[in-house]
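Take a look at the structure below.
The values are calculated or read from the model by the stated rules, or taken from the named source; none is laboratory data. Only a predicted model underlies this, so the values are computations on that prediction, with no experimental measurement involved. Virtual Cβ from ideal backbone geometry, glycine too; neighbours counted across all protein chains shown.
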Amino acid sequence: MSRAARLAIAALRRAAGGLLLLVGATFVIYITIRSAPGDAIDAISPMGTPPDVKARLMEEFGLDRDPFTGYIAWLMRSLFGDFGESLVFSPGAPVMEVVLPAFGRTLLLSASALVACLILAILAALLLGEPSRRQQLLTGPLYVATAAPSFVVAVVFVQFVNWGIKAFLVEGGYVPPSWYPLEMYTESLVPYVFAGLTLIAGDGLFMDFFNSVRADLNALRNAQFIAAVKAKGARTLGHIARNMVMPLLSGYAARLPIVLGGVVIVEYVFTLDGGGYVLLEAARERDFPVVVGLSVLFTATIIAVNLLTDIIRALVDPREVAHGG
Amino acid sequence: MSPLLSVEDLVIEFDTARGRRRVVDRVSFDLAPGEVLGILGESGSGKTMTTMAVLGLVAGEPGVMGGSITLRDGDDEIGLLSDLEQVISRKGKRVSKNCRKWRRMVHARMRPLWGRMMTAVFQNPRHSLDPLMTVGAQVEESIALALPDLTAAQRGEKAVDWLDRVQMNEPGRVHGSYPHELSGGMCQRAMIAVALARRPKLLIADEPTTGLDTTVRAEIVELFRALLEEERRSMMYISHDIREVLYLADRVIVMKGGRVVETETAENLRLGRGQRADYTAMLLSAADLPSGAAA
Amino acid sequence: MGDSRLRVGLYLSGTVVGLVLLLGVIAPFVPYDPADAVDYDQLLQAPGMGHIFGTDGQGRDVAMRLLKGTEAFFLPGLMAAALATVFGALCGAVSGYAGGWLRGGVLGTMQLIDTLPRLVFIILVCTILNPSIYLIAFVAAVLFVPSIATVIRRRVEALGSEDYILAHVAHGFRPVRILLYHILWLQCRPLLIRQATYVFGYVLFVEVALSYLGDYGVQEPDPSWGNMVAQARGLRGVSAWPWAVPAVAIVVTIAGFLAFGNLLARADEEEVR
């Protein structure tokens, strides 16, 4: 069988596995809904919901049936993107219309933070090379810095930014330069930039990334085949770059759940209108269809990214397909 | 004839948990053009570190601490360690070395020499090839460096030709295979093809048969012999197996505990002529060869 | 030389861990009524004799709230760490040692749990069920089982083909004993220590994060390190103490636990070798 055919089969198998995982994960979410104490419908609807809306919710979530058929009915709607209508957050609007644009912003924010983090980590690892003795002494304090949860980093950021701006306004009479394209704080990129920085610095994301990239890079530099490439007088850069793709990808996939958790908090702190912010607001107002819709979207994102990295890995590494994965 | 490579008073040291340890202690030897020099010694005798120093690939700190290594390139003589004193500083009894600077200097010096002057085949053939590239592509990489004017198609033909010359069955199929699809012996053949396709003046084989099955080892040794008979090459063959070394080498140096204990022609060793150092005598008698008169 | 640095790190992080354990143990026995503590004559005092960490926006002693705040995460964190480690070790050992449908089933379940976005799922659970910190800790423990199981499974798989384990099998030791004692206890102990401290750190993180967000964690006036930081939003840079103290406490505690787990594991590994 040709390599392309084997690749296609492996990709299909993984896609099927991903779909199965999505079904399983949504089942977990559904069972969680059904496990509400007392009457599930009271647990999932806001106070003072009119009876006709309650009836509609009952039907949408299949609460009037046994858990299994109820799940199937709910899944069939959900898989086609029908998560019902928002109750409180944006009453009457289909959940997908409320949630998708916000979730898109969340994805953009986390993806750019991850990419920036990756580039910074690679640059730092290249620049610093093997850890010297002096650097090893620094690891202790750095360790403390990496343990800061994203919201602590965010609070510190907000404090200092407020401080800085206040200082400018009072003492310097701050006037934005004419080329400055962003309006302060409203509808501008500034909070997004800060949110991205917070994501990178918080939850140990950067240090974690940097440490693993550096360890992988140094292991690779000392690998025997790199010595062999050197000894024959060829450039090692291409060989190292290609062999770094795999560890980077797995690192990327492994840290996605952390970033998706961090983004929820960071959006809340910087009041960015993203999926995490909507999730928390909807949860507060007990707008259940929106909460569930977002949970499914977050889960689906993790599955999709894992699937994508698996496929890229199969494309880059011939050993992956050979094992039949 | 002046030697292609001469090593004099080479000293290599490493820092360990129990202080600094000298792994190569004032080792000296010469290698004439067209000569096969065998380096024989048990593991830990410093033979691999000596060859790594010649290649400029000593990993670990501080590494090379003294001596000289001279390569003859046509009429030029290149001292690989001529700048060593610049990075070594002495404070009383403490001798320290700026390893980062030294690594950069070695890189700059070796870059034009690697491949053209010498290249190497290592132990653990499975780890010597880039796992993400086909074997053919890696042989072609060498060919492109040795003969930059060839077209892609010519390079492909030559690569298959090289794989055939290292006695690979189905060289065409191997050309498109990845290293993990090959056995250890086949990986080592591929590695030899990669090294020879680069056309080095000196080939260094560092325990090329370690980790291979007995029958495969014999095949690899036979392959080296056949390649040497086909064309006279300068080579360093490092092994802990006295039979392999005596079979391939013209001259042998025996190392133990970081020192050279004996330098002798292979013929004299084979025939048991002359005086033997105790250690060599022991190796010879362990291999059921005439051990000659003890020194 | 590396040895002495390891020991210094171990002492430093051990002090942090010991201090947090001490605070966690004595906190329940210290009487504290949040309503009584309000004192409008002593708003936002800087650290001094009467209040070693100053007072907050309602004149409450920050040090006292810091102490009582440990109640929110201490026992739940220990519980979650124990639960996640035990179940993670078991699932990892089973999936690494057994074959067939058992292995497939455990692996599938682990993969399933691992795809759930942790914080989002915890928030979902909190909207449905009555949110209590013990529930949150339990969910966090379940969510961490797969990552522990994966680490253990890799180790078990690697060890399964080691000669001395095969020798144990040949000597006729019972598989359960080999698995529980020779593999899990002797070989995986450093890994388990590391993972357990990690889970504890995560529960602390979730607790303070949820309390910070304000809906599911500890509610004012009861203290939590998270809602203490949250009050910074109202203070607008008037005084940094009320939020800086708990923020530093959070960071130092998480770092201390992570470092302690790592260093203890490394020391254990070196001893085994």
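Here are a few things to note about the model shown:
- Top-ranked residue of the range A:217-235 - restricted to ones that are surrounded by 15 or more Cβ atoms within 10 Å (Cβ to Cβ) and outside any helix (DSSP H, G or I), ranked as nearest to the chain's Cα centre (by Cα): A:Ala223
- Single residue of C:Ala158, C:Ala149, C:Ala167 found to be crowded, with 20+ Cβ neighbours inside 10 Å and either in a helix (DSSP H, G or I) or among the polar types (S, T, N, Q) (or both): C:Ala149
- Looking only at residues of the range C:217-237 that are at pLDDT 80 or above and within 14 Å of chain A (Cβ to nearest Cβ), we find that the one that is surrounded by the fewest Cβ atoms within 10 Å (Cβ to Cβ) is C:Asn227.
- Consider the range C:196-216 and keep the residues that are assigned to a helix (DSSP H, G or I), more than 7 Å from chain A (Cβ to nearest Cβ) and among the aromatic types (Phe, Trp, Tyr). The one that is surrounded by the most Cβ atoms within 10 Å (Cβ to Cβ) is C:Phe200.
- Considering residues of the range A:277-306 that are crowded, with 24+ Cβ neighbours inside 10 Å and aromatic (Phe, Trp, Tyr) only, the residue nearest to the other protein chains (Cβ to nearest Cβ): A:Phe298
- Elements of type strands (runs of 3 or more DSSP E) contained in the range B:33-140, each with 2 or more residues being away from every other protein chain (no Cβ under 14 Å) and among the small types (Gly, Ala, Ser): B:36-41, B:62-73
- Being of a type in the set (D, E, K, R), in contact (Cβ under 8 Å) with a residue 60 or more places away in the chain and surrounded by fewer than 19 Cβ atoms within 10 Å (Cβ to Cβ) is a property that holds for A:Arg242.
- Odd one out for A:Ala16, checked against (1) within 12 Å of chain C (Cβ to nearest Cβ); (2) within 24 Å of the chain's Cα centre (by Cα); (3) aliphatic (A, V, I, L, M): (1)
- Condition met for A:Leu7 (surrounded by 15 or more Cβ atoms within 10 Å (Cβ to Cβ) and farther than 25 Å from C:Pro117 by Cα): yes
- Matching entry among C:Leu210, C:Leu191, C:Leu258, C:Leu264 (being at pLDDT 80 or above and in contact with a Lys or Arg (Cβ under 7 Å, 6 or more places away or on another chain)): C:Leu191
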